[in-house]
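Right, one structure below, let's go through it.
Since every read-out is calculated from the coordinates, none of them should be taken as a lab result. Quick caveat: nothing in here was measured; it's all calculated off a predicted structure. Every residue, glycine among them, receives a Cβ derived from its backbone with ideal geometry; neighbour counts consider all protein chains shown.
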Amino acid sequence: MSLVQRYYTCEVCNNTQNNCESCHCCGSKALHEVLSKTFTSDPLPQSVCMNTKIVIIGGGIASLATIRQLVLNGMKNITLICKEDTKPYYRTTIPKVLGDPNFVNKEQFILEKDCFYEKNEINTLIGWTVDNIDMKEKKILCNKGEEKKEIPFDTLVFANGGEPNRPPFIKNTTVKDVFPIHTLTNINGMNECFANKTVKNVVIIGGGLCGIEIAVAMKRKHKDVGIVLVEIANRILPKQLSVEASALFEETLKQNNVVLKTSSCVSSIIEKDDRICVELQDKEILMCDMVCYSCGVSPNKTLAEKIGCAVNRGIVVDERMRTSLSDVYACGDCCEYNSCCFGNWTDAMKQGTECADTICGKDSKFVHTPMPYFVFCFTNVFSVGQIVGDAVTKKSGKDFVQIFRQDGVIVGGVLLGKPVIKVQRPLIAAVDKKVGGAEAQALIDEWMNF
């Protein structure tokens, strides 16, 4: 008898979840139902043993996607080692915890409930750190404080993500209340800071998606707190938005009392008169009570490198998520495929699925998908595909549509405001299908009608 589970896939970011509410990853309501079942009609190769001991290191979407697909393929002996004290969760939702600490108890935060792990007999080691991997004896040595364990394995999967980059001004500071924007623990630290002292001003270093979302979450929760957003580029979200869209979005942020410092670099962070002093390279001083930073992420490759896996910027894998060592795989933000570290939710999820299928002997290959970006920051902001080429643009107040074509083919677009709701789904489809010619022009004419 086949086990049938209902999952719903977001048409915007391809996130898969077990209910049909708005997407827990990007917030879109564009979900469609997918029925998944064990492959009883498509048995695994005889060379694959259902009781192969599979150990997965990491607690993000890549690890969970691997587990989900292994379960659907009928694998029985799976162990998850997660360094954080929480089972895999929607990392994209951590700004919501800043506004509502109880959000961690909601269904929109945790990727799978405890019953999923219990029903599928997943051995979960939550809050455990891997100390060493013995490839000769095929066992993993890990700890949780004073407690130690040895975990045997036949197959090993690295899905341990990345760590926040720590520029020199972070490495060289000893000031308290300086937080990376990366994990639930970081957000809890920010909430404790607000609870334990008077916070009048916050400096956020890094004007990317994470930095902007934290700025917005803080402003909603703590309206009287002054927020300065420091960005090294000359405009906000240069990789996701066009020059015109950046200018419009920057104006929205300013209208909501977020101060922007573009083309700015931090030189040092020191303590002065019981406050934090952030000095910029142009010698401007920003006094504050808390610093948050998001300066990119570097893949976690140290453990894999120690056991002999080929590494470059990340753990090098092929299209089937195989490393240079037999029976060792990698997926998600820790890995590098075709000289690229993608570092986004959609690709990490897809790589986890492909990794599981490869372990199970299936001929499955990873294909990168351009990641749409959706964020609500006082207004809807959406971007997909390439933001270069011949542009067709319309602006009306805070609403904005800009579509890019190359050789007549729709390759990308940027949406702000109300058009996001109407246009995002057909725009994604048009980029994916490489729509061109008269069909492309008809779609653009329709999208500009707002």
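Things worth noting here:
- Among the listed pairs K398/K434; K76/K138; K200/K239; K171/K254, those beyond 25 Å (Cα-Cα): K398/K434; K200/K239; K171/K254
- Size of charge dipole - the chain - debye, nearest 20, with Cβ of Lys, Arg +1 and Asp, Glu -1, no other charges: 360 debye
- Whether region 360-450 is rounded, prolate or oblate, judged on the alpha carbon gyration tensor where a/c under 1.5 counts as rounded: oblate
- Top of A247, A438, A233 by mean-square fluctuation, Gaussian network on the chain, Cα under 10 Å: A438
- Using Cβ point charges alone (K and R +1, D and E -1), the dipole size of region 283-339 about the Cα centre works out to roughly 140 debye.
- The residues C193, C377, when put in order of fewest to most other Cβ atoms within 10 Å, stand as C193, C377.
- The distance between label points at F450 and E146 comes to 6.0 nm (points 7 Å beyond Cα on the Cα→Cβ vector).
- Largest GNM mean-square fluctuation across I61, I315, I122, computed for the chain with C-alpha springs under 10 Å, falls on I122.
- Whether region 84-225 is rounded, prolate or oblate, judged on the alpha carbon gyration tensor where a/c under 1.5 counts as rounded: prolate
- Per-residue 3J(HN,Hα) values for region 136-151, derived from phi via the Karplus relation 6.51 cos²θ - 1.76 cosθ + 1.60 with θ = phi - 60°, read 5, 8, 6, 8, 10, 9, 9, 9, 9, x, 7, 7, 10, 8, 10, 10 Hz in sequence order (x marks Gly and Pro).
- Neighbour-count order for R320, R405, fewest beta carbons within 10 angstrom listed first: R320, R405
- Two-decimal log10 I(q)/I(0) for the chain, as the Debye equation yields it once each C-alpha is a single scatterer, q = 0.06, 0.09, 0.13, 0.14 Å⁻¹: -0.28, -0.64, -1.27, -1.40
- Three-way shape label, region 165-296, alpha-carbon gyration tensor, a/c 1.5: prolate
- A helix-only calculation puts the chain at -7500 deg cm²/dmol for mean residue ellipticity at 222 nm, using -39500 (n - 2.57) for each DSSP H run of at least four residues, averaged over all residues.
- Rounded to the nearest Hz, the phi-derived 3J(HN,Hα) couplings of region 70-75 under the Karplus curve 6.51 cos²θ - 1.76 cosθ + 1.60 (θ = phi - 60°) are 4, 4, 5, 7, x, 6, where x marks glycine and proline.
- Highest-MSF residue in the chain out of Q406, Q386, Q108 [GNM, Cα springs under 10 Å]: Q406
- Length-normalised contact order for the chain - Cα pairs under 8 Å, 6+ apart - percent: 15 percent
- Of the beta bridges in the chain, as assigned by DSSP with both residues counted there, near 65 percent are antiparallel.
- Antiparallel %, DSSP beta bridges [both residues in region 288-391], to 5: 70 percent
- Qualifying aspartates and glutamates (Cα of each under 12 Å from Cα of K149; at least 8 residues distant if same chain): D131
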